[in-house]
Amino acid sequence: MGEMPRVTSYKQLQANRRNARLCTGPRTAAGKARSALNHAKHGFQARSLILETPIAGETQEDFDALQAEIIDWLRPSDLTERRLVARIVEAKWMLRRAMRYEAEIFSSPWPTNYDLIPLVRFECSWNRRLDRAWSALSLHRSRKQRKKKAPSVRGKNEHSKPSDSVT
């Protein structure tokens, strides 16, 4: 049968509470920053786009260089295009993170499914986001081109009323 749960005595409970008051966590900014990364293994769920830690290997300069390269290549011309290009940059950045993590997994002697499952899920998600942003940018640009080329449908008498007679 199962074991009975161990009951904590009143004296032990009081001692635990006294000890807990002494353990308040990090107090300095550096200590807080370090402890914030205690559970960070891959950064897939990070709140920040750029993980400037020695483990992550990401810097603001690297991100800015990628962003400048993609903007120079795609040359967004309006607000919609700039937003879509920003999504493309973000997706490319996150896929780079996935590639670094993948290299780390396969350099270890025993990669496990516990490491691979979040990687595959993350890569698929960001690939879909990249594809959607790329498709939306292409569609937006093709619609802009069509508007430039399309002649006016109504012609010279665009303010005249349609006739009531049907021929």
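The values are calculated or read from the model by the stated rules, or taken from the named source; none is laboratory data. The model shown is predicted, which means the values in this text are computed figures rather than measured ones. Using ideal geometry, Cβ is built from the backbone for each residue, glycine included, and neighbour counts are taken over all protein chains shown.
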Counting just the residues of the range 135-152 that are under 16 Å from Leu84 (Cβ atoms) and among the small types (Gly, Ala, Ser), which one comes out surrounded by the most Cβ atoms within 10 Å (Cβ to Cβ)? Ala136
Can you name every residue in the range 69-79 that is closer than 17 Å to Leu130 by Cβ and either modelled with pLDDT under 95 or of a type outside the set (A, V, I, L, M, F, W, C) (or both)? Glu69, Pro76
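A quick yes/no check of all residues on (1) part of a helix (DSSP H, G or I); (2) of a type in the set (D, E, K, R); (3) at pLDDT below 95:
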site	(1), (2), (3)
Pro26	no, no, yes
Gln45	no, no, yes
Thr53	no, no, yes
Ala91	yes, no, no
Ile105	yes, no, yes
If you scan the range 71-117, which residues turn out to be within 14 Å of the chain's Cα centre (by Cα) and not aliphatic (A, V, I, L, M)? Arg87, Glu90, Lys92, Trp93, Arg96, Arg97
Looking only at residues that are among the aromatic types (Phe, Trp, Tyr) and free of Cβ contacts under 8 Å to residues at least 24 places away in the same chain in the range 73-108, which one is nearest to Lys144 (Cα to Cα)? Trp73
Going residue by residue through the range 114-128, is there one that turns out to be farther than 18 Å from Gly43 by Cα and part of a helix (DSSP H, G or I)? yes
Pro111 being in contact (Cβ under 8 Å) with a residue 60 or more places away in the chain and within 26 Å of Ala46 (Cα to Cα): no
Among the residues of the range 120-154, which ones are touching a helix residue (DSSP H, G or I) at 6+ places or on another chain (Cβ under 6 Å) and either of a type in the set (A, V, I, L, M) or within 20 Å of Ile50 (Cα to Cα) (or both)? Phe122, Glu123, Trp126, Arg129, Leu130, Ala133, Ala136, Leu137
